[in-house]
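Okay, so here's the structure we're looking at.
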Protein chains: 2
Amino acid sequence: MFMYLDCVPCLLRQTLSAVRMAGDDPSVQHEVVRQVLHILAETDFTRRTPPDMAQWTHRLIRELTGQGDPYRHIKQCSNEVALSMLPALERRIGQSGDPFAAAVRVALAGNIIDFGANHETDVSLKGIETVVEQAFAAPLNSLALESLRAAASSAESILYICDNAGEIAFDRLLIEQLGPHKVTAAVRGGPIINDATLEDAVAVGLAGLTTVISTGDDLPGVIVSQCNEPFQNIFHGADLVIAKGQGNFETLSDIPRNIFFLLKAKCTVAAERIGCEQGDYIILESTRMDDERPQDAPDPDGTVNHQLL
Amino acid sequence: MFMYLDCVPCLLRQTLSAVRMAGDDPSVQHEVVRQVLHILAETDFTRRTPPDMAQWTHRLIRELTGQGDPYRHIKQCSNEVALSMLPALERRIGQSGDPFAAAVRVALAGNIIDFGANHETDVSLKGIETVVEQAFAAPLNSLALESLRAAASSAESILYICDNAGEIAFDRLLIEQLGPHKVTAAVRGGPIINDATLEDAVAVGLAGLTTVISTGDDLPGVIVSQCNEPFQNIFHGADLVIAKGQGNFETLSDIPRNIFFLLKAKCTVAAERIGCEQGDYIILESTRMDDERPQDAPDPDGTVNHQLL
């Protein structure tokens, strides 16, 4: 999903929020905003995804503020709060008539813990508990859920691309349903917003449950060609790819590879692209269009059909 | 009030909204956004007010879209809706125990009709009726109200700087309380967002009630040195200046001249500058600080003390 014009003010709003979190020097804040304005003015939006631009702006913020990981404290807090909820959520999933569906809902609820997208996150215990209840009450597309269940059941290898710190504690519960021995979980290759890195995977016990790898890239999403070779091999070779969150959706939604996206649609632009309402909890399968194209059509080079199953 | 960094994403959001209202050519929309990014990247925010930047962006939009007055239809609708409410509002003011205070509340309610600031406007009859009820129920600073009443009573000449179309119909009712023979009402010198121009002053009957002049400038506020000579003379010579809305506040709040601002604080930045909550209805008197400065202090060149009386 390439940049919409609406992403421009949103990216600037995010930049301002991030640079203020990284420090309180007004001259540095001005300089960051000015440089982001310059690069945006020179950018061909039709060829850049929002996470691609966010990678650039957050690298700039880290460089100019000297803060290598401005969201570190927030990530630690998110992990701690999410971890404290795990025993109760495990019991709830275990007592559910459909533990797989319940674990999907918990994983979707976890996607609310986000400091990049266009929404405010309440990462207090009470705030996240409220979100979990919303996710359990929200309408979910049952066809998409069954398609995911079937794909997970038949897959011998699953790549699970994580999104945010805190959220990855909840992901543990879905990975337990998928079968931890079949799963490789991928996290970001370096600090970027509050996205989960290897440090967070260790902190929430994901690294002890399943194989965890890094994308090798500090992008809040996945541009496959920028990732390290192990990630690329698993991405192309896995029987099933599950990608959490809007950043992964925005970067992977035009890739010629079937992917199940699990996310909360946090802004109007993503909702428009998906064909849902802002705030919806989404299970979305991308399916290659190749079969429907004429034989002599040029290579689609990433063109896929997004089905809200 | 000079630009805050928060004004940057807001200005881009406004730009996008305005260029979409002016036409649906994506290449023009991209070009406008790109040029605004360029000019913002080169701007010294500490020396520009938000209306100053908005004048530039809206001139660019009008030039590149070929639409001389994109908000014309919205302004006409706003005028018609506001006019249809006048008889009932006149009765309400007339039957009030304090007609002056009631007229101030009506004028404040009218300030909700705004397509520039960071809020959505419901200009339907029902929407504006709801706002009027809110304005009648809202807390108002009684000291500021009494100060305005006293200043209006003793003034022989009053400059009333209008803000938006629609709103100026409501302003009629306050001008009737002030004494139309004492008042000169000023509107913008050309189309800018949904700000009122001479055309709107005629449409709502303001031109038949009192003297109406133009600032001579298509700025959504007032930079006095950019205005025509008649406006400048009246601005400096009037016993009392009343300025409606956030755009007038943002441009006139640092002028060494006592002014009564009547506005709804529509964004967090203006609210912070005023020292109120976003959404508050404000009567604010700017008072020169000169008397309180030491004798040897340099000329304040516009520095004023804003008192929430």
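What follows draws every value from the coordinates through simple rules; no lab data is involved. Remember, it's a predicted structure, so these values are computed and weren't measured experimentally. Here Cβ is always computed from backbone atoms with ideal geometry, including for glycine, and neighbour counts include all displayed protein chains.
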Whether any residue in segment A:217-226 is farther than 27 Å from A:Glu80 by Cα, surrounded by fewer than 18 Cβ atoms within 10 Å (Cβ to Cβ) and among the hydrophobic types (A, V, I, L, M, F, W, C) is what I want to check. yes
Looking at segment B:95-114, can you tell me whether even one residue there is of a type in the set (D, E, K, R) and touching an Asp or Glu at 6+ places or on another chain (Cβ under 9 Å)? yes
Name every residue in segment B:254-281 that is assigned to a strand (DSSP E or B) and more than 13 Å from B:Ile112 (Cβ to Cβ), in order of residue number. B:Ile259, B:Phe260, B:Phe261
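Considering only residues that are of a type outside the set (Gly, Ala, Ser) and touching a Leu at 6+ places or on another chain (Cβ under 8 Å), look in segment A:40-73 and name the one that is nearest to the other protein chains (Cβ to nearest Cβ). Can you show your working first?
As a first pass, look at segment A:40-73 and keep what is of a type outside the set (Gly, Ala, Ser): A:40, A:42-53, A:55-65, A:67, A:69-73.
From what is left, the residues that are touching a Leu at 6+ places or on another chain (Cβ under 8 Å) are A:40, A:45, A:50-53, A:55, A:57.
On the way: A:Leu40: 5, A:Phe45: 7, A:Pro50: 14, A:Pro51: 18, A:Asp52: 17, A:Met53: 12, A:Gln55: 19, A:Thr57: 12 Å.
Taking the candidates together, the pick is A:Leu40.
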Which one of these does B:Ala169 not meet: (1) free of Cβ contacts under 8 Å to residues at least 24 places away in the same chain; (2) buried (at least 24 other Cβ atoms within 10 Å of the Cβ)? (1)
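What residue, of B:Arg188, B:Arg172, is under 20 Å from B:Ala54 (Cα atoms) and among the basic types (Lys, Arg)?
Numbers: B:Arg172 fails: under 20 Å from B:Ala54 (Cα atoms).
Just a single option satisfies the conditions, and that option is B:Arg188.
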Tell me, which residue of segment A:49-85 that is under 17 Å from the mean Cα position of the chain (by Cα) and not in a helix (DSSP H, G or I) is nearest to B:Val33 (Cα to Cα)? A:Thr49
Just the residues that are touching a Phe, Trp or Tyr at 6+ places or on another chain (Cβ under 8 Å) and β-branched (Val, Ile, Thr), please, taken from segment A:1-35. A:Val8
What single numbered condition from (1) surrounded by 21 or more Cβ atoms within 10 Å (Cβ to Cβ); (2) out of contact with any His (no Cβ under 8 Å at 6 or more places or on another chain); (3) over 22 Å from A:Glu42 (Cβ atoms); (4) of a type in the set (A, V, I, L, M) fails to hold for B:Ala18? (2)
Consider B:Ala88 against the criteria (1) closer than 30 Å to B:Asp239 by Cβ; (2) more than 17 Å from the chain's Cα centre (by Cα): it satisfies all of them except one. Which criterion is unmet? (1)
Go through segment A:101-140 and count every residue that is touching a residue at least 12 places away in the same chain (Cβ under 8 Å) and surrounded by 18 or more Cβ atoms within 10 Å (Cβ to Cβ). 23
Step by step: first the residues of segment A:8-20, then only those that are touching a Ser or Thr at 6+ places or on another chain (Cβ under 9 Å) and more than 7 Å from chain B (Cβ to nearest Cβ), then the one that is farthest from A:Ser253 (Cα to Cα). Which residue is that? A:Val19
All-but-one check, A:Met1 against (1) assigned to a helix (DSSP H, G or I); (2) more than 9 Å from every other protein chain (Cβ to nearest Cβ), failing number (1)
Subset of segment B:21-34 that is more than 10 Å from every other protein chain (Cβ to nearest Cβ) and not hydrophobic (A, V, I, L, M, F, W, C) - its residue that is nearest to A:His38 (Cα to Cα): B:Glu31
